[in-house]
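Asker: Before we start, here is the structure in question, set down as structure tokens.
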Amino acid sequence: HENKSESIFVIAGECDYFVFDDIGNIVERIEMGSYNSGKTFFFRQRHSVYHSLLIHSPELIFFEITKGPFVREDTLEAPWAPSATARIEIDEFHDRLENWKVD
């Protein structure tokens, strides 16, 4: 979402919110959950960055806030991200996220 801030408010479930640099390195991992989980339940990303969610619960209900209107063509796909149809690459990407530790 170029030139837009984004906020996420987790209502139910748990996930990790990942922030990446321009070449796909993980910069930050925020463990998120509902208010009662004790995890971060609200996060605001003030700048345009590549980001992704890794969902850990059977379902995740969240509220995402960004400047509208939403225009699909304004969403920038990371050039290093796996294609939506590349199942093996997607699984490898999820494994990378799941196993990431701070250096």
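Asker: In the stretch 54-83, how many residues are in a loop (DSSP other than H, G, I, E, B) and modelled with pLDDT of 85 or more? Before you say what the answer is, go through the steps one by one.
Answerer: Taking the stretch 54-83 first, the residues in a loop (DSSP other than H, G, I, E, B) are 56-60, 67-71, 75-83.
Now drop any that are not modelled with pLDDT of 85 or more, which leaves 56-60, 78-83.
Total satisfying the criteria: 11.
Asker: While we're on this one: May I ask you to list pairs of residues, at least six apart or on different chains, whose Cβ atoms are under 9 Å apart, with the first in the stretch 65-83 being touching a residue at least 24 places away in the same chain (Cβ under 8 Å) and the second being of a type in the set (A, V, I, L, M) and part of a loop (DSSP other than H, G, I, E, B)?
Answerer: Trp80/Ile23
Asker: Sticking with this structure for a sec: Can you confirm whether Val27 is in contact with a strand residue (DSSP E or B) (Cβ under 9 Å, 6 or more places away or on another chain) and either of a type outside the set (A, V, I, L, M) or at pLDDT below 95 (or both)?
Answerer: Numbers: in contact with a strand residue (DSSP E or B) (Cβ under 9 Å, 6 or more places away or on another chain): yes; either of a type outside the set (A, V, I, L, M) or at pLDDT below 95 (or both): yes.
Judged against the criteria, Val27 is a match.
Asker: Further, regarding this structure: Looking at this structure, is Thr66 over 17 Å from the mean Cα position of the chain (by Cα) and open to solvent by 50 Å² or more (accessible area, probe 1.4 Å)? Lay out the reasoning, then the answer.
Answerer: On the way: over 17 Å from the mean Cα position of the chain (by Cα): no; open to solvent by 50 Å² or more (accessible area, probe 1.4 Å): yes.
Answer is no for this residue.
Asker: Scan the strands (runs of 3 or more DSSP E) fully inside the stretch 1-41 and keep the ones with 2 or more residues being touching a residue at least 24 places away in the same chain (Cβ under 8 Å) and within 23 Å of Pro69 (Cβ to Cβ). It would help to see each step written out before you state the result.
Answerer: Working: elements: 6-12, 14-20, 26-33.
The strands (runs of 3 or more DSSP E) meeting that bar are 6-12.
Asker: Looking for something out of contact with any helix residue (DSSP H, G or I) (no Cβ under 7 Å at 6 or more places or on another chain), closer than 19 Å to Asn99 by Cα and small (Gly, Ala, Ser) - is there at least one such residue anywhere in the stretch 59-78?
Answerer: Going through the stretch 59-78, the residues out of contact with any helix residue (DSSP H, G or I) (no Cβ under 7 Å at 6 or more places or on another chain) turn out to be 59-78.
Remaining after also requiring closer than 19 Å to Asn99 by Cα: none.
Looking for residues that are out of contact with any helix residue (DSSP H, G or I) (no Cβ under 7 Å at 6 or more places or on another chain), closer than 19 Å to Asn99 by Cα and small (Gly, Ala, Ser), one finds none in the stretch 59-78, hence no.
Asker: Say whether the condition of being within 13 Å of the chain's Cα centre (by Cα) and open to solvent by 100 Å² or more (accessible area, probe 1.4 Å) is met by at least one residue in the stretch 76-83.
Answerer: Just the residues of the stretch 76-83 that are within 13 Å of the chain's Cα centre (by Cα), to begin with: 77-78, 81.
With the extra rule that they be open to solvent by 100 Å² or more (accessible area, probe 1.4 Å), the set shrinks to 77.
Scanning the stretch 76-83, I find at least one residue that is within 13 Å of the chain's Cα centre (by Cα) and open to solvent by 100 Å² or more (accessible area, probe 1.4 Å), so the answer is yes.
Asker: Mind counting the residues in the stretch 13-55 that are under 9 Å from the mean Cα position of the chain (by Cα), crowded, with 17+ Cβ neighbours inside 10 Å and small (Gly, Ala, Ser)?
Answerer: 0
Asker: I'm checking my understanding of the structure. Among residues of the stretch 84-103 that are open to solvent by less than 60 Å² (accessible area, probe 1.4 Å) and in a helix (DSSP H, G or I), which one is farthest from Glu31 (Cα to Cα)?
Answerer: Ile90
The values are calculated or read from the model by the stated rules, or taken from the named source; none is laboratory data. Please read these numbers as outputs of a predicted model, since none were measured by experiment. Methodologically, a virtual Cβ is constructed for each residue, glycine included, from the backbone with ideal geometry; neighbour enumeration extends over all protein chains shown. Ligands, DNA and RNA are excluded from the accessible area calculation, which covers all protein heavy atoms including side chains. Shrake-Rupley method; radii C 1.70, N 1.55, O 1.52, S 1.80 Å.
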